[in-house]
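Encoded as structure tokens, the structure appears first; notes follow it.
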Amino acid sequence: MDRIYLDNNSTTPMLPEVVEAMRPFFATTFGNPASAHRSGAAARTALEDARFTVAQCLEAYAEEVVFTSGATEANNLALFGLPDQEPGEVVTSPIEHPSVAEPIRQLEAWGHHLQVLGVDGQGRVAADELHQLIADNTRLISIQLANHETGTVQDIKTLAAQAPGVFFHTDATQAVGKMAVSFRELGVSTLACSGHKLYGPKGVGVILVKRGVRLRPRLLGGHQQQGLRPGTEPVALAVGLAAALRLAVDQQKQRHDQVVQLRQRFLDELRPAEPWVINGAPDGMPHTVNVSFPGCAADVLLIRLDLAGIDCSTGSACSSGSLLPSPVLQALGCPPDILKSAMRFSLSHLVTEAQVTEAARRIVREVRALRGNHPASSLV
Ligand code: PMP
């Protein structure tokens, strides 16, 4: 059997419908959306249609949708965009993606005081703590919607409701396209997501900015997108993101049910590799299977699985290659053996039952070989 791709939290393939939707905007309808002539108008129409689709899918207004180069830029724009630069309190969780955690560390270096909420053993933010941390000088709260390593989902609506009037950002990159997300319902100030996590193109993301919230741009030099994100908009990428999101929202239940079934099959087939421990909350995103195999070094297992034809990860892709334990799993209080042996398999509705079954078979074989129960197997 061919390679089996179980790293969908890292990135997803583009769906053929998405590629087709984008195609005209590379060579035929190539105008600059800011141009006054008809070629420009055609591109502008496509761009604004894409903005409208994103708004509809996420229950936002079209004017709240700003296209960026991805979620990293969207997170940076939200966190560095605070118009009020007087140092104050900044509240976050210890399990944020580096594209949130590092800008926040920079805010701290600039004089803001950092407050980090606790998480429980399954990665849920201590919601009741937030209320106590809010002060008159709280400038910003940033808490992700779904975790990239464990899939744990936070109750952002309840959290945001505890901090009325405070700027609240949520990184929804691992949630959008996989669960229903309503910007209006969440009640946050800004929300970030990315095209390539939902079967759309890489290099495009969105920041939703609530009506009435003012952000300072990071880039200067153009009037596009209300001056908040100047530069000629990538029409094809925006069209691709919108097409992918439309499909994801329309097929959400069906895809979700498929992934729930795949997860169950995968875990059933992994049984012979016991003992193993699942990290994260059982009611999180079913796509993410973060599992530790005590007695196995994750970095060694990763290489063996790569050789055995399985694409997976030991943590978020951004931190792979580093031998440091995952800060997310550390925050969950995982003991050293669990930290050192944690693997992330991320599923997709595009994966088949036969593939997860075969993947589990190879994982069982490699885990057993690493534990020394069986002789090391030859390559697949
Ligand atoms: N936030 C989260 C939770 C992510 O998983 C990722 C992608 N690893 C990002 C932000 C960054 O997204 P992008 O690759 O679009 O910059």
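Taking 0.36 nm per residue of sequence separation and subtracting the Cα-Cα distance, how much length would be gained by fully extending the chain between A161 and E185, in nm to one decimal?
Details: separation 24, 0.36 × 24 = 8.64 nm, distance 1.03 nm.
Additional length available on full extension: 7.6 nm.
Show which aspartates and glutamates lie in cross-link reach of K253 when reach means a straight Cα distance below 17 angstrom and same-chain residues fewer than eight apart are skipped.
D283
Report the antiparallel proportion of the DSSP beta bridges in the chain as a percent, rounded to a multiple of 5.
Values: 20 of 38 bridges.
About 55 percent, rounded to the nearest 5.
Report, in degrees rounded to the nearest 10, the 0 to 90 angle that the Cα long axis of helix 298-307 makes with the longest principal axis of the chain.
Roughly 90 degrees, rounded to the nearest 10.
Run the numbers for I303 and E20: contour at 0.36 nm per residue of separation, minus the present Cα-Cα distance, in nm.
Values: separation 283, 0.36 × 283 = 101.88 nm, distance 3.53 nm.
Stretched out fully, the I303 to E20 stretch lengthens by 98.3 nm.
What distance in nm separates the two pseudo spin-label positions at A127 and T357, each 7 Å out from Cα along the beta-carbon direction?
For the pair A127/T357, the computed spacing is 4.0 nm.
Taking only DSSP H segments of four or more residues, each worth -39500 (n - 2.57), what value at 222 nm results for the chain once the sum is divided by all its residues, to the nearest 500 deg cm²/dmol? Don't jump to the answer; show the numbers that get you there.
Values: 14 runs with 144 residues, N = 380.
Computed mean residue ellipticity for the chain: -11000 deg cm²/dmol.
Test of understanding: what is the full-extension gain from L220 to K202, defined as 0.36 nm times their sequence separation minus their Cα-Cα distance?
So the extension gain works out to 4.1 nm.
Under a plain spin-label model, where a point goes 7 Å from the Cα along Cα-to-Cβ, how far apart in nm are F52 and D120?
4.4
Readers should treat all values here as calculations from the given coordinates under stated rules, not as data from a laboratory. Since we're looking at a predicted model, the values are computed, not measured. Cβ: placed from backbone, ideal geometry, glycine included. Neighbour counts: every protein chain shown.
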